[in-house]
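Here the structure is laid out as C-alpha cells; the discussion comes afterwards.
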Amino acid sequence: MSVDALDTRILRLLLEQPRTSVREYARILGVARGTLQARLDRMERDGVITGTGPSLSPAALGHPVLAFVHIEVTQGHLDDVGDALAVVPEIVEAFSITGGGDLLARVVGRDNAHLEDVIQKLISLPGVVRTRTEVALRERVPYRLLPLVESVGRADRA
C-alpha cells in the first residue's frame, strides 16, 4: 500500500494528537470528514494503522527494569515456547529472530531480583535450551514512527 501526502499528514496528526476527534482532524487538514474517515478506514484495513489505544509505560506501572532476553529453543519447539511466553505477563513482546538465539523477548521487571525470577521462569519452560539477557540502562531513542512516516511520505512525492 502506498502512503500519499494526505495519508502522511493524517498519520502525523494521529501520532502528535492521538486524542483528537475525526471531525477536528478533518478541520485541521482542511478535508471533508468523509474523506478523512475513508482514508482512516483504508489505512486500518491495509494494516498501516494497527491500534488506537493508549501507549503505556511499564516503569510507571511499577516495572522500571527493561531487559532483552535471547532465547534458544530446542528444534521443533518454537511455536510451543512462543505460546508459553505469551502467558508470562512481564514479557511485553517477543519475536522470532535470526542470529544468536531463536526468540528475542522484551521483558520488564519490578527490580533486578524480579527480573531474575522471570528469567528463571523462562529457563524452566519446556523447549528452552538457554537464555542470554541484556539489561537496558537508558532509553536513547524512544519508540517512534513519525520519522518513518515522513520518510515514506517524502518518497511518495519524489
Inset, instruction - Name all residues of the stretch 33-55 having a backbone nitrogen under 15 Å from the label point set 7 Å from the Cα of residue 5 along its Cα→Cβ direction, giving them as ranges. - result: none
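Per residue, what accessible area does the stretch 9-158 have, given a 1.4 Å probe and all protein chains present, in Å²? Could you put the intermediate results ahead of the total?
Details: 10110 Å² over 150 residues.
The answer is 67 Å² per residue.
Taking all protein chains as present, what is the carbon and sulfur share of the accessible area of the stretch 42-158, in % to the nearest whole number, probe 1.4 Å?
Numbers: 4240 of 7970 Å².
Roughly 53 percent, rounded to a whole number.
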Inset, instruction - Please tell me the relative contact order of the chain in percent, rounded to the nearest whole number, where contacts are Cα pairs under 8 Å and at least six residues apart. - result: 30 percent
Inset, instruction - Using just the helices of the chain, give the 222 nm mean residue ellipticity in deg cm²/dmol: DSSP H runs with n ≥ 4 each add -39,500 (n - 2.57), and the total is spread over all residues, rounded to 500. - result: -12500 deg cm²/dmol
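When Rg is the radius of gyration of the Cα atoms in the stretch 20-87 and Rh is its Kirkwood radius, what does Rg/Rh come to?
On the way: Rg = 20.0 Å, Rh = 16.4 Å.
Value, to two decimals: 1.22.
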Legend entry - Relative frequency of Cα-Cα separations exceeding 24 Å in the stretch 12-158, percent: 50 percent
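Per 0.36 nm of contour for each residue apart, how much would the distance between residue 130 and residue 19 grow if the chain were fully extended, relative to their Cα-Cα spacing?
On the way: separation 111, 0.36 × 111 = 39.96 nm, distance 4.30 nm.
Using 0.36 nm per residue and subtracting the Cα-Cα distance, I get 35.7 nm.
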Legend entry - Against the rule of thumb 2.2 N^0.38 Å, how large the Cα Rg of the stretch 63-150 comes out: 1.14
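Just check the stretch 68-109 against the gyration tensor rule for me: Cα atoms, a ≥ b ≥ c as the square roots of the eigenvalues, rounded for a/c under 1.5, and otherwise prolate or oblate depending on whether a/b exceeds b/c. Provide the component values of the computation, followed by the final result.
Details: a/c = 2.48, a/b = 1.32, b/c = 1.88.
It comes out oblate by the Cα gyration axes.
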Inset, instruction - Quick one: check the C-alpha center-to-center distance for the stretch 116-158 versus the stretch 26-63, whole angstrom. - result: 22 Å
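The values are calculated or read from the model by the stated rules, or taken from the named source; none is laboratory data. Given the structure is predicted, the values throughout are model-derived calculations rather than measurements. Don't worry about glycine lacking a Cβ; one is built from the backbone with ideal geometry, like all the others, and counts go over all protein chains shown. Protein only, heavy atoms only, side chains kept; ligands, DNA and RNA dropped before computing areas. Shrake-Rupley method; radii C 1.70, N 1.55, O 1.52, S 1.80 Å.
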